1. Describe numerically, in nm with one decimal, the distance between label points set 7 Å from Cα along Cα→Cβ at Ala185 and at Gln67.
2. Using 0.36 nm times the number of residues separating Glu264 and Glu159, minus their current alpha carbon distance, what extension gain do you get?
3. Report, to the nearest whole %, how much of the accessible area of region 100-175 belongs to carbon and sulfur atoms, 1.4 Å probe, protein only.
4. Taking the Cβ of Thr272 as the center, what net charge do the other residues with Cβ under 12 Å away carry, scoring Lys and Arg +1 and Asp and Glu -1?
5. When the accessible area of region 176-220 is split by element with a 1.4 Å probe, what percent falls to carbon and sulfur?
6. Rounded, prolate or oblate: pick one for region 79-148, where a ≥ b ≥ c are the square roots of the eigenvalues of its C-alpha gyration tensor, a/c under 1.5 means rounded, and failing that, prolate if a/b is larger than b/c, else oblate.
7. Each label point is 7 Å from the Cα along the Cα-to-Cβ direction; what then is the distance between the points at Gln102 and Val234, in nm?
8. Using each residue's phi in region 119-131, evaluate 6.51 cos²θ - 1.76 cosθ + 1.60 at θ = phi - 60° and report the 3J(HN,Hα) Karplus result to the nearest Hz, with x for Gly and Pro.
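The values are calculated or read from the model by the stated rules, or taken from the named source; none is laboratory data. Not measured: the values here are computed from a predicted model. Please note: Cβ atoms are built from the backbone with ideal geometry, for glycine as well, and neighbour counts cover all protein chains shown. SASA here: full protein model, heavy atoms, side chains in, ligands and nucleic acids out. Shrake-Rupley method; radii C 1.70, N 1.55, O 1.52, S 1.80 Å.
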Amino acid sequence: MNKHISANRTWKWVSSLLLLSLIAYLIVYPPLKKTDQAASAAVAKVNGVNISTDQLYEAMLVSSGDQTLDSLITEELINQEGQKTGVQITDEDIQKEISFMQGSYSSNDEFQQALTSYGMTLDDLKKNMKTQVLLKKILEPQITISDDEIKQYYDENIESLKVPEQIQASHISVTTIEEADAILAELKKGTDFATLAKDKSLDTATKDTAGALGYISSGKMEETFDNAAFALAVGETSSAVQTSTGYDIIKVTDHKAAYTPTMEEKKEDIKTSLTNQKLSTLSSTWLQEKKSQSTIENYLNKDT
């Protein structure tokens, strides 16, 4: 449901990684010779005319081959450095990075919708983050963050660090008012909200978790949904709320008042943000240095 996606989010780096992964697979495992029947298999047909796997491969190679191969070379350099220095990544390292990323969203639903909008699952994200997390772990020992830097960041970003009013909510999303009224009638009879969400909700991103949206901030949802949800007391369920996609029934299970966290409360998050900023600069110069020190033979571009 697009109404739960924050419009100012950009996940271009994620979609790029997925595209690079696909092209990388074609480079490592190119189509068979044209005499092989598998190589000429159609991947599409336009008015009866086939577009073959060979054509797809050649087009991808021409349009993105250089960039993709450079990414593969970079990945190999990082992996070799990790082996040389004994740095390894664990599932915990990847989960820590994902948790930090999730923290920049107002709710878990918003995070999941961002993934969905790029055709990704959480497992896809984890797989594509391995090289990034390895590079971070290699370079982090070279980075120091002082208390003065943390204080300066806190003072300069205090407004964005403030935590707005939040509610914890679940919802059941349906298409028609008749469906919504039927569900409300079931709720009045004592039917469990979570059970109805799993059985009836059309929101595929939340129905399997009993319609749970997590904690959401005011202004992050569609206006009619937002107004209805924040008017509810903890434990209350709304009537049918009309939205751009149909009708929602909302249940609020917790409420958090707005507050301003102290610098000590945000210290670790600020440190992580500052570390990532410095890593961005350091990684660029580090990779250039590693490439200049390495023997790289690029057969795709014979001029190099």
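1. Simple spin-label model gives 5.5 nm for this pair.
2. Gain on stretching Glu264 to Glu159: 36.2 nm.
3. Exposed carbon and sulfur together represent 47 percent of the surface.
4. Net charge around Thr272: +2.
5. Carbon and sulfur atoms account for 50 percent of the accessible area of region 176-220.
6. Note, shape of region 79-148 comes out oblate.
7. Label-label distance for Gln102 and Val234, simple model: 2.2 nm.
8. Those phi angles translate into x, 10, 10, 4, 5, 4, 4, 4, 4, 7, 9, 4, 5 Hz.
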